[in-house]
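A short write-up of the structure that comes next.
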Amino acid sequence: MKNYDLIVVGAGIVGLAHAYTAAVRGKSVLVIERDSACLGASIRNFGFVTITGQRAGDHWQRALRSRAIWADVAPKAGIDVVHSGLWLTARRPAAAAVLDAFMRTDMAADCALLTPAQAAERHPALRTEGLQSVLYSPHELRVESRTAIPMLAQWLQQALGVDFRFSETVTQVATPRVTTSRGSYHAERVVVCNNADPGGLFADAWTEHQVQLCQLQMLRVQPQAGFALQGSVMGDLSLVRYEGYSALPEAAVLRAELERDEAESLAHGIHLIAVQSADGSLVVGDSHHYGPAPSPFASEAVDRLMLRHLREALRLEGEHVVERWVGTYPVSPDAPCLVKAPDDATRVVAVTSGSGASTAFGLAEEVWSGW
């Protein structure tokens with residue numbers, strides 16, 4: 001039986017990031033995934049590598065590092081960067097005040113605060129009437145997550161020699177031995193990246209951090225022919241959700257206004273993100289509902305709210321929904337990511353903020369350097 005330097009449990013973006021980090025350092029790596037392909041949160045999101053608005057400090061630094069790795073790896077793996085940049089519109093004066101405050105932070109480096117007229121000239125798809133200002137960030141990247149994740153796995157296998165075992169459930173980790181539904185494997189180190197499965201491996205590790213599940217709804221919308229986004233789009237509601245903005249003192253006034261004006265959207269955890277795919281369709285979301293076992297059934301009322309915010313933000317005509325889905329990921333009030341060490345050779349890792357695509361590569365480097 002082959003002995004590996006590292007076994008990774010889970011083939012989502014967090015697991016693949018750890019496999020990449022070890023493989024580029026010349027380590028032998030095996031990834032074990034219980035499904036026949038990655039079917040979880042990593043392929044059900046926006047593919048939006050978000051820098052601007054991440055929690056200040058370490059998490060923002062992880063996002064910057066991850067973005068650099070995505071920019072390097074994507075062309076090697078044949079993954080298209082569909083578009084880049086972020087346009088965050090401020091409709092309320094209180095939202096503009098948050099953006100003004102953000103521009104005074106170190107995280108605003110290379111960003112620009114535009115007038116509505118300037119934004120309209122640079123990005124005609126934006127509905128700029130009534131806006132106060134628009135934040136433009138050049139940092140963000142967008143890939144098509146449902147194809148990018150399997151392409152990344154294939155590249156890791158073909159270019160870096162990472163081995164994969166799909167349709168195989170890990171039943172026990174006792175490093176150096178990993179036991180699965182099909183056999184056993186050996187490795188010097190093991191990283192478990194199973195999305196903080198509440199009934200899975202090392203489930204007790206998450207109890208003290210109040211980890212629960214978040215379920216989101218998302219849509220694919222077909223706009224009119226020729227419609228083009230110049231980058232990802234967000235709005236006022238994002239400023240009270242992303243901690244890089246919401247932690248600013250100015251955000252308290254905006255939150256109070258939104259609780260008055262958009263109580264229903266806040267109750268469903270809705271904030272607008274709109275990105276565009278290569279075929280011209282828009283991926284739109286999202287909502288956030290929390291609990292130990294969120295309902296798997298999507299709400300039409302929630303979809304209508306998200307579509308209203310989309311139509312308020314963009315110049316759309318005759319758009320229609322062509323696809324709907326839900327996604328689930330773990331969240332914790334304690335930290336945007338958690339790393340546990342059951343023993344010297346084992347790490348259990350989860351991104352607990354819905355920012356796996358944005359931060360996993362940087363987090364994996366931290367985990368490896370801490371060994």
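The simple Förster model, with R0 at 45 Å and r as the Cβ-Cβ distance, assigns Asp100 and Val322 a FRET efficiency of 0.75.
Label positions at Val81 and Asn3, each projected 7 Å from the Cα along the C-beta direction, are separated by 4.1 nm.
Net charge near Trp368, counting Lys/Arg +1 and Asp/Glu -1 over other residues with Cβ under 10 Å of its Cβ?
Computed value for this residue: +2.
For segment 116-203, GluC sites (Glu not before Pro) meeting the loop criterion (DSSP other than H, G, I, E, B) and having at most 15 other Cβ atoms within 10 Å: Glu129. For the options Ser295, Ser84, Ser238, a Gaussian network treatment of the chain with springs between C-alpha atoms closer than 10 Å singles out Ser295 as fluctuating the most. Placing one equal scatterer on every Cα of segment 211-295 and applying the Debye formula, the log10 ratio I(q)/I(0) at q = 0.16, 0.22, 0.25 Å⁻¹ is -0.75, -1.08, -1.17.
Summarising the amide proton neighbourhood of Arg189: residues at separation of 5 or more, or on other chains, whose placed amide H is nearer than 5 Å comprise Leu6, Ile7.
Distance from the alpha carbon centroid of segment 107-123 to that of segment 212-253 works out to 17 angstrom. Sequence-ordered 3J(HN,Hα) estimates for segment 89-105 from the Karplus curve with 6.51, -1.76 and 1.60 and θ = phi - 60° stand at 8, 10, 8, 9, x, 5, 5, 4, 5, 5, 5, 4, 5, 4, 5, 8, 9 Hz, glycine and proline given as x.
For Val339 and Asp261, a Förster radius of 41 Å and the Cβ-Cβ distance give a FRET efficiency of 0.55, rounded to the nearest 0.05.
Largest mean-square fluctuation among Glu250, Glu33, Glu259, in a Gaussian network model of the chain whose springs join Cα atoms under 10 Å apart, belongs to Glu259. Calculated accessible area for segment 165-310 comes out at 43 Å² per residue, all protein chains present (probe 1.4 Å; ligands, DNA, RNA ignored). Shown for segment 148-235: the carbon plus sulfur share of the solvent-accessible area, taken with all protein chains present and a 1.4 angstrom probe, equals 45%. Quick one: net charge of Phe227's neighbours, Cβ under 9 Å, K/R +1, D/E -1? Surrounding charge for Phe227 is -1.
Based solely on its DSSP helices, what 222 nm [θ] is calculated for the chain when runs of n ≥ 4 H residues each add -39,500 (n - 2.57) and the sum is averaged over all residues, nearest 500 deg cm²/dmol?
Values: 10 runs with 111 residues, N = 371.
Result for the chain, helices only: -9000 deg cm²/dmol.
Rounded to whole numbers, the Karplus 3J(HN,Hα) couplings from phi for segment 183-196 are x, 9, 9, 10, 7, 5, 9, 9, 10, 9, 10, 9, 6, 6 Hz, using 6.51 cos²θ - 1.76 cosθ + 1.60 with θ = phi - 60°, and x at Gly and Pro. Restriction of the chymotrypsin sites (Phe, Trp or Tyr not before Pro) in segment 162-200 to DSSP coil positions whose beta-carbon has at most 14 other beta-carbons within 10 angstrom yields Phe166. From largest to smallest, the equivalent ellipsoid semi-axes obtained for segment 74-114 from the alpha-carbon gyration tensor read 30, 13, 7 Å.
For segment 5-53, with all protein chains in place and a probe radius of 1.4 Å, 44% of the accessible heavy-atom surface sits on carbon or sulfur.
When a 1.4 Å probe is rolled over the protein heavy atoms, the share of accessible surface on segment 259-339 that falls to carbon and sulfur comes to 54 percent.
Bridge orientation summary for the chain: considering DSSP beta bridges with both residues in this region, about 70 percent are antiparallel. Between Ser277, Ser232, Ser66, the GNM of the chain built on Cα springs shorter than 10 angstrom shows Ser277 fluctuating the most.
Charge dipole of segment 1-68 (Cα centre as origin; +1 on each Lys and Arg Cβ, -1 on each Asp and Glu Cβ, all else neutral): 160 debye, rounded to the nearest 20.
The loop-placed trypsin sites (Lys or Arg not before Pro) in segment 1-45, going by DSSP, that have at most 15 neighbouring Cβ atoms within 10 Å of their Cβ come out as Lys2, Arg25.
On a per residue basis, segment 1-45 carries 36 Å² of accessible surface, using protein heavy atoms and a 1.4 Å probe.
What is the magnitude of the charge dipole of segment 131-270 about its Cα centre, with +1 placed on the Cβ of each Lys and Arg, -1 on the Cβ of each Asp and Glu, and no other charges, expressed in debye to the nearest 20?
Details: 10 positive and 16 negative charges, 134 e Å.
Computed charge dipole of segment 131-270: roughly 640 debye.
May I ask for the net charge around Leu237, where only other residues with Cβ less than 12 Å from the Cβ of Leu237 are counted and Lys, Arg are +1 while Asp, Glu are -1? With Lys, Arg at +1 and Asp, Glu at -1, the net is -3.
Under the convention that each Lys and Arg Cβ holds +1 and each Asp and Glu Cβ holds -1, the size of the dipole of segment 259-357 around its Cα centre is about 80 debye.
The values are calculated or read from the model by the stated rules, or taken from the named source; none is laboratory data. Please read these numbers as outputs of a predicted model, since none were measured by experiment. Positions of Cβ are backbone-derived with ideal geometry, glycine not excepted, and every protein chain shown enters the neighbour counts. Protein only, heavy atoms only, side chains kept; ligands, DNA and RNA dropped before computing areas. Shrake-Rupley method; radii C 1.70, N 1.55, O 1.52, S 1.80 Å.
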